Amino acid sequence: MPATPAWPPSSLPRLYVEQPLAQDALLMLDGQQANYLGAVLRLAPGAQVKLFDDRTGEWLSEIVETGKKRITLRIAAHLGEREAVPDLWLLFAPIKRGRIDWIAEKASELGIARLVPVLTRRTIVDRVNTERLRAHMIEAAEQCERTALPEMAEPLKLEQLLRDWPADRVLLFADEMGGAPLTSVAEPGPAAILIGPEGGFTDEERAAIRAVPQAKPVALGPRILRADTAAVAAVSLWMAVAGDWSRAPRSRKQTAGE
Ligand code: SAH
């Protein structure tokens, strides 16, 4: 039985919009999004665009009017609910700017629920542009077909994070000084992965993290990984073992019986 092509074609442009979406609603887009659809993609009335709002799921829309600075779309069909993403937080000590943008983009693609910048003793960055990181996560969510955006948390000092640690959440502490293989402790349920800065954690920080009852030191192999490599490796392992990587992408599900 040949698979019928997925409808709508997954090649349609896909955008996150702040406005809540509903059947037959009219949506006005301006600014960068209007420019992308109108000037970059040069879409005309009748063209279809997938939209999601991080609340009501994903919708198929149709352009009804294009203008220099504004595009009007009509919401035509509901394509699916907002998905539940695995309850995994990524806590990372901000490193160089270019690399944290990359971490934010990869963490969104890999399926995290929340991104938390953690300020540690050896963190060389003292301020984090969370708006820029959120924009990278949104762009990644548009591309990878998430319908739920990761939350972007405000930077937190390590001491404060540990003091207020939620009792029901496992804290998988990536410790280059050693720990259990991550795959042996990863299990479904509220979890967080903590990655240190290039300079690593201080001995006092390491002791304070290990003192948290929910903390589990985990190893990521025998080599010292860069913080960004460690973040992507740890999240990927967790997603494969305890996350939702046994599911197929929504827009590429084969027809029944495939
Ligand atoms: N400056 C340290 C390395 C820091 S690497 C040193 O030279 O020893 C940055 C972060 O990546 C670490 O804090 C840790 O969270 C993580 N990491 C890197 N390699 C790791 C490994 N093999 N096992 C567990 N965590 C690792």
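The values are calculated or read from the model by the stated rules, or taken from the named source; none is laboratory data. Predicted, not measured: the structure shown is a model, and the values here were computed from it. Note: ideal-geometry Cβ built from the backbone for every residue, glycine included; neighbour counts use all protein chains shown. Just the protein is used for accessible areas: all its heavy atoms, side chains included, with ligands, DNA and RNA removed. Shrake-Rupley method; radii C 1.70, N 1.55, O 1.52, S 1.80 Å.
Out of all the residues in the range 61-99, which are more than 22 Å from GLU154 (Cα to Cα) and of a type in the set (A, V, I, L, M)?
ILE63, VAL64, ILE71, LEU73, ILE75, ALA76, ALA77, LEU79, ALA84
Is it the case, given these coordinates, that ALA174 is surrounded by 15 or more Cβ atoms within 10 Å (Cβ to Cβ), closer than 20 Å to PRO86 by Cβ and under 15 Å from the mean Cα position of the chain (by Cα)?
No, not satisfied.
Restricting attention to the range 77-101, which residues are aliphatic (A, V, I, L, M), over 23 Å from SER251 (Cα atoms) and part of a loop (DSSP other than H, G, I, E, B)?
The answer is ALA93, ILE95.
Taking the range 182-206, which residues are within 11 Å of LYS216 (Cβ to Cβ) and within 13 Å of the ligand (Cβ to nearest atom)?
Residues satisfying the conditions are LEU182, VAL185, ALA192, ILE193, LEU194.
Looking at GLU18, GLU62, which is the one that is touching a Gly at 6+ places or on another chain (Cβ under 7 Å) and not aliphatic (A, V, I, L, M)?
GLU62
When GLU139 is evaluated against the numbered criteria (1) in a helix (DSSP H, G or I); (2) touching a strand residue (DSSP E or B) at 6+ places or on another chain (Cβ under 8 Å); (3) open to solvent by 30 Å² or more (accessible area, probe 1.4 Å), which criterion, by number, is the only one it fails?
(2) is the only condition that GLU139 fails.
Can you tell me which residues in the range 47-76 are closer than 13 Å to ALA148 by Cα and outside any strand (DSSP E or B)?
Once the filter is applied, which keeps residues that are closer than 13 Å to ALA148 by Cα and outside any strand (DSSP E or B), the range 47-76 yields ASP53, ASP54, ARG55, THR56, GLY57.
Listed residues ALA39, ALA44; which is over 30 Å from GLU187 (Cα atoms), of a type outside the set (Lys, Arg) and in a loop (DSSP other than H, G, I, E, B)?
Matching residue, one of ALA39, ALA44: ALA44.
Of all residues in the range 211-233, count the ones that are surrounded by 19 or more Cβ atoms within 10 Å (Cβ to Cβ), of a type in the set (Gly, Ala, Ser) and either more than 6 Å from the ligand (Cβ to nearest atom) or not assigned by TED's automatic domain parsing to the domain that holds ALA167 (or both).
Of the residues in the range 211-233, 2 are surrounded by 19 or more Cβ atoms within 10 Å (Cβ to Cβ), of a type in the set (Gly, Ala, Ser) and either more than 6 Å from the ligand (Cβ to nearest atom) or not assigned by TED's automatic domain parsing to the domain that holds ALA167 (or both).
Suppose we filter LEU161, LEU133 for residues that are part of a helix (DSSP H, G or I) and within 16 Å of the ligand (Cβ to nearest atom); which single one remains?
The conditions single out LEU161.
Which of the residues that make up the range 21-64 are closer than 15 Å to SER11 by Cα, without any contact (Cβ under 8 Å) to a residue 60 or more places away in the chain and either open to solvent by less than 20 Å² (accessible area, probe 1.4 Å) or assigned by TED's automatic domain parsing to the domain that holds THR147 (or both)?
Within the range 21-64, LEU37, VAL49, LYS50, LEU51, LEU60, SER61 meet the criteria.
Residues in the range 239-247: is at least one aliphatic (A, V, I, L, M) and within 12 Å of the ligand (Cβ to nearest atom)?
no
Could you check the range 108-124 and list, in sequence order, the residues that are within 16 Å of GLU154 (Cβ to Cβ) and either open to solvent by 30 Å² or more (accessible area, probe 1.4 Å) or assigned to a helix (DSSP H, G or I) (or both)?
ARG114, LEU119
Out of the residues in the range 185-210 that are within 23 Å of ALA167 (Cβ to Cβ) and free of Cβ contacts under 8 Å to residues at least 40 places away in the same chain, which is most open to solvent (accessible area, probe 1.4 Å)?
ARG210
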